[in-house]
Amino acid sequence: MSATDTAPVQQDPSPPSRVPPPAPSEWRVARAVGRVEARHLLTVALVPAALGALMSLGYGGDVVDLRSASFNAAFNLLLLAAVTLVASHRAVTRARRDGSEELLATTPAPARARTAGHLLAVLAPTTVGAAVTGFSLAALVRQTATVGDPVLSELAVGPVLVAGAGCLGVLLARLWPQPFTPYLACFLIAVAELGVNTPVFAGSGLRWLVFWVEGTLWWLVPRHSAAHLVYLLGLVAMAAVGALVRHGVTRRLVGAGAVAVVVTVVAAGVQMRQPQEHWRAANAMFAAPESVQSCWSRQGVRYCAFPRFEEVMDHVSQAVTAVRAVMPEEAWPSRLAVTQRVTALDLQYAGDAPRWLPRLPDMPQGRVRQPDDGELHPGLDFKSWSAVQEVGFGVQLGAKAVGLPVVPDPRTGEVCLAANQARAVVALWLGGHATDDAGAGLVWLVERASEAAAARGRPLHDAVVPIAEVDVYGGFVVSLDDARLALELLRRDSTDVAARLAEHWDVVSRPTTTSAELAQLAAVPVPIGGAARAPFVAHMDPDLVRLGAPCR
Amino acid sequence: MTAAIRALPATARSMVWAPFTVASGSVVSLVVAQRPWEGQQLSLGLARLTLVLVAIGTALALDDAAADTLACSPTSLLWRRAVRLALAAGAAAAVTVVALFAVGATGGTGGVPLDRLVVEGAGILLLAMALSTAVGSDRGAFLFAVGLLGAVIIQQRWPAWSLFPMAPGAPGWSRAALVWGVVATVSAGALFVISRDPCLRRRVMA
C-alpha cells in the first residue's frame, strides 16, 4: 500500500468539490520538500549536464548556423531529461523502497504536499538545463563564426523537456510506483522519437506530436517552433496537474487541468498545420531557384542566395577572394557567377525524405547533382560540415581557371582522368587556399585514398582521387601522387609558388604539361610515380564517382 | 550442485519477473512490428533499445529481498546468486536469441552483423547484471541506463568513440564488438568476485 493510499484525502470518498483546497501550511511543506529533493536531483543532474555542455565544444574553424544549432540544441539535454525522469520517479518512490510509507503517512505533511514538493524540485534540473543551453550557445558563438540568429523558442525546448521529464517521473511514480516504470517510459518515448524523426514523417504534421523534433530539413519543411513550445508547456502542466489530482480533485486543479488540456490541444492543432504557400515556396528552391533568390555583385563576381542564406554567401565570397589572391590575374575567369543551390551535402541526412514529400514534386528523388552551367554552386550549409566541401569549392574555381570540367559529366556522371596533368595539381593547389580548413580537407582525402588502396591490395601508384565526399567537386580526378604534389606545394610559401605559377601560367595550364614538369618549375621534389597504368577510384562509392576518359 | 538445482523452482518463484516479461513483450512487439517476413529490414536502433530494456528487466529481476535472511543458510552466496543469475541470464538470452533467430531466418537482418550484435547484447546484459548485483538492482539499473545513454550521446559528437555503430555497413563494428567482449568478460569476472561469500572475499583481498 502506498503513502498516497494511506493519506486521509485519498480515503475520503467525498465528491471532488468537497476536497479542501491546499492550506498555506501545505505549500510550506511542499517548498521544504522541494528544497531537499532539488538537491538530490541536482546531484544526479551533474554528470548528464556536464556531458551536455561538453557536446558543444570542439567546433573550431567551422561556420555554424545558429538557427539549425537552435533546432538541435535540445539533443544535448536528452540525457539530462531521461535521467531527470528516472530520478524523479525514484525520489517519489523512495519511501516505498525504504518501507517508510506508513511512517510518512503519520506526519502532518500530506501526500499532496509531498508530491507538490517533488514537482517543485524539478525546477532544479530545469535550471541546469537552461544553463547548459546557454553555455552551449555561448561556446558556439565563441568558438566559431556564426550566421543567422538563434531561435529562442527552439532553445527553450531543451529545458522544457527536462521539466516535462521530471513531472512525468512524478506522475508515473504516483500512478505506477514499480521500479521498471520510468525505464519503460523512456523506452516508449525513445521508440516514438526514433519512429517519428525519420524521413517517412518529414512532411507530416504528426512529427510535431513527439517531444523533440530534429532539424535536418528545417530550411525546407514547415517548422512551428513557437506552437511546439506551447504544446510542450501544456504537456508539462498536464503531467503536473495529473500528479496532484492523484491525491484528490480541487476546483483549482480542475481549472488548471482544463486550461492545460485546451492549450495543449490548440497548440497541437496549430503546429500540425501545413500551409500550402509554404510548400510552394519550398518547391521553388528546386523548380525555379532564381525566382526566390536575391542577387548582387561584389568585386566583379555575381552572387545569388536563397532567402535567409545571404549571410552564408559572405563566407563563400571570402573563399573566392582567397583563391583569387593567389591566382594570376590573366587566369581569372572573365565572368564568374556563384549561385546557391541545394546540394547533396545539404540533403546528406535526409535519407529518402523526397519520397515522402509529395508536395515537393520538383525535389530530386535520387542523387542531387550540381548543374553544368558554368557557374559555381555552393550549398546552404557551406563551411559547416565538411572541409572537403571547402577545398572542393576552391578546386571548382581553379578548374575554371585551368580549363578542366567544373562538375562531372551531367549525362553520365563520369569524371575525367587528369592524372599526371600539371593543371589538375594547380587546381588543387588553388582550392587549398579557399579557407583555413581547405588544406585539411585535401589531406583527409589523400589519407582516405591511401588507406582504401592499401585495404584493397591495389598499388598506390594506380589510385586516383576525386574531390568528393558526399558531393562531387570538379569534374576530374587526380592521381594520388598529384594530390601529394599539391599538398607539397601548399606547404611552401604561397607567395613564392604563386609567383612561379604566374610566370609559367601558359605552360602549367596546358593539358600536355605533366606533374613532373610542374614540380621542376616550382622547385619541389618530382613525384616518382608517373602516369597511372590501371587507374581506379580508391575511396569512393562507384555510385558517387565513375571514372571516364582522360581529360582533354 | 544438487542443492542449486533444488533451489531453482523456489528462486524462480521469488524473483520479480514482471519487468522482464514486459521487456520480452517489447521484443516480440518489435519483431512483429518490423514484419521481417514482408521483407522489412530490422531497425538497428529499435533492436538495441529493446536489448537494453531486456537488460534492465533482467537486472531488476535479480533483486533479492530475502538475501539478508538467507545469509545464514548453509548454501553459499555464490550458489544462491548463481541460481538467480542463471535463471535471469538464461531467460534473457533465450528471448534475445529467439528474436534474432526469427529475424535472421526471415532474411530481415538488413545487413546487420548478428554475431556482433549478440556480443554487444551479451556485454550489455552482463554489465547490467554486474551493476545490479554490485549496488542493488534498482540503483544498478539506473547507473546502467544512464551510462549507456551517455555513451550513445557521446558517440553522436565523437564518432571515433562509437560503441554502437549506427548502420550495418558503418565502420567500427569489429572494434565495438571487441570492446563489448571485454565488457562482457570483465562484468562476468566482477559478478563472480562480488558473488563470493564476504569472508572468502576478504581472505582473497588479504
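Details
- If the condition is being under 19 Å from the mean Cα position of the chain (by Cα), among the charged types (D, E, K, R) and part of a loop (DSSP other than H, G, I, E, B), then segment A:364-414 contributes A:Asp381, A:Lys383.
- Residues of segment A:251-278 satisfying the condition of being charged (D, E, K, R) and assigned to a loop (DSSP other than H, G, I, E, B): A:Arg273
- Complete set of residues in segment B:131-149 that are open to solvent by 10 Å² or more (accessible area, probe 1.4 Å), touching a residue at least 40 places away in the same chain (Cβ under 8 Å) and of a type in the set (A, V, I, L, M): B:Leu131, B:Ala134, B:Ala145, B:Leu148
- Any hit, segment B:31-48, residues being modelled with pLDDT under 85, of a type in the set (Val, Ile, Thr) and within 25 Å of A:Ala190 (Cβ to Cβ): yes
- Residue match in segment A:385-400 (condition: in the same structural domain as A:Leu544 (by TED's automatic domain parsing), over 30 Å from A:Ala534 (Cα atoms), open to solvent by 20 Å² or more (accessible area, probe 1.4 Å) and touching a residue at least 12 places away in the same chain (Cβ under 8 Å)): yes
- Pairs linking a residue in segment B:17-36 that is open to solvent by less than 30 Å² (accessible area, probe 1.4 Å) to a residue that is modelled with pLDDT of 90 or more and not in a helix (DSSP H, G or I), with Cβ atoms under 6 Å and 6 or more positions apart or on different chains, are B:Pro19/A:Phe180.
- Segments classed as helices (runs of 4 or more DSSP H), wholly inside segment B:16-107, with at least 3 members that are within 12 Å of chain A (Cβ to nearest Cβ): B:18-34, B:44-61
- Scanning segment A:298-313 for residues that are open to solvent by 60 Å² or more (accessible area, probe 1.4 Å) and at pLDDT below 95 yields A:Arg298, A:Gln299, A:Gly300, A:Pro307, A:Arg308, A:Glu310, A:Glu311.
- Selection status of B:Ala94, modelled with pLDDT of 80 or more, under 19 Å from the mean Cα position of the chain (by Cα), of a type in the set (Gly, Ala, Ser) and open to solvent by 60 Å² or more (accessible area, probe 1.4 Å): no
- Conditions (1) more than 31 Å from the chain's Cα centre (by Cα); (2) open to solvent by 30 Å² or more (accessible area, probe 1.4 Å): number failed by A:Val241: (2)
- Conditions (1) open to solvent by 20 Å² or more (accessible area, probe 1.4 Å); (2) at pLDDT 95 or above; (3) closer than 27 Å to A:Pro222 by Cβ; (4) not hydroxyl-bearing (Ser, Thr, Tyr): number failed by A:Leu123: (3)
- Scanning segment B:127-173 for residues that are hydroxyl-bearing (Ser, Thr, Tyr) and either more than 20 Å from the chain's Cα centre (by Cα) or within 14 Å of chain A (Cβ to nearest Cβ) (or both) yields B:Ser132, B:Ser137.
- Output for segment B:1-10, where each listed residue is out of contact with any Ser or Thr (no Cβ under 9 Å at 6 or more places or on another chain) and modelled with pLDDT under 85: B:Met1, B:Thr2, B:Ile5, B:Arg6, B:Leu8, B:Ala10
- Total residues in segment A:33-73, condition aliphatic (A, V, I, L, M), more than 13 Å from chain B (Cβ to nearest Cβ) and open to solvent by 40 Å² or more (accessible area, probe 1.4 Å): 2
- Pairs with Cβ under 7 Å, 6+ apart, first in segment B:39-58 and among the aromatic types (Phe, Trp, Tyr), second open to solvent by less than 30 Å² (accessible area, probe 1.4 Å): none
- For segment A:499-515, filtering for residues that are of a type in the set (Gly, Ala, Ser) and either touching a Phe, Trp or Tyr at 6+ places or on another chain (Cβ under 9 Å) or without any contact (Cβ under 8 Å) to a residue 24 or more places away in the chain (or both) leaves 1.
- Verdict on A:Ala440 being open to solvent by 30 Å² or more (accessible area, probe 1.4 Å), free of Cβ contacts under 8 Å to residues at least 60 places away in the same chain and touching a helix residue (DSSP H, G or I) at 6+ places or on another chain (Cβ under 6 Å): yes
- Answer residue from segment A:83-102, given it is open to solvent by 20 Å² or more (accessible area, probe 1.4 Å) and at the interface with chain B (Cβ under 9 Å from one of its Cβ atoms) and is nearest to A:Glu214 (Cα to Cα) among those: A:Arg90
- Spans of helices (runs of 4 or more DSSP H) in segment A:480-552 with at least 3 residues open to solvent by 30 Å² or more (accessible area, probe 1.4 Å): A:480-491, A:494-503, A:515-522
- Output for segment B:116-130, where each listed residue is touching a residue at least 24 places away in the same chain (Cβ under 8 Å) and open to solvent by 30 Å² or more (accessible area, probe 1.4 Å): B:Arg116, B:Val119, B:Ala122, B:Leu126, B:Leu127
The values are calculated or read from the model by the stated rules, or taken from the named source; none is laboratory data. Since the structure is predicted, the reported quantities are computational estimates derived from the model, not experimental observations. Ideal geometry is used to build each Cβ from the backbone, glycine not excepted, and the neighbour counts take in all protein chains shown. Accessible surface areas use protein heavy atoms only, side chains included; no ligands, DNA or RNA. Shrake-Rupley method; radii C 1.70, N 1.55, O 1.52, S 1.80 Å.
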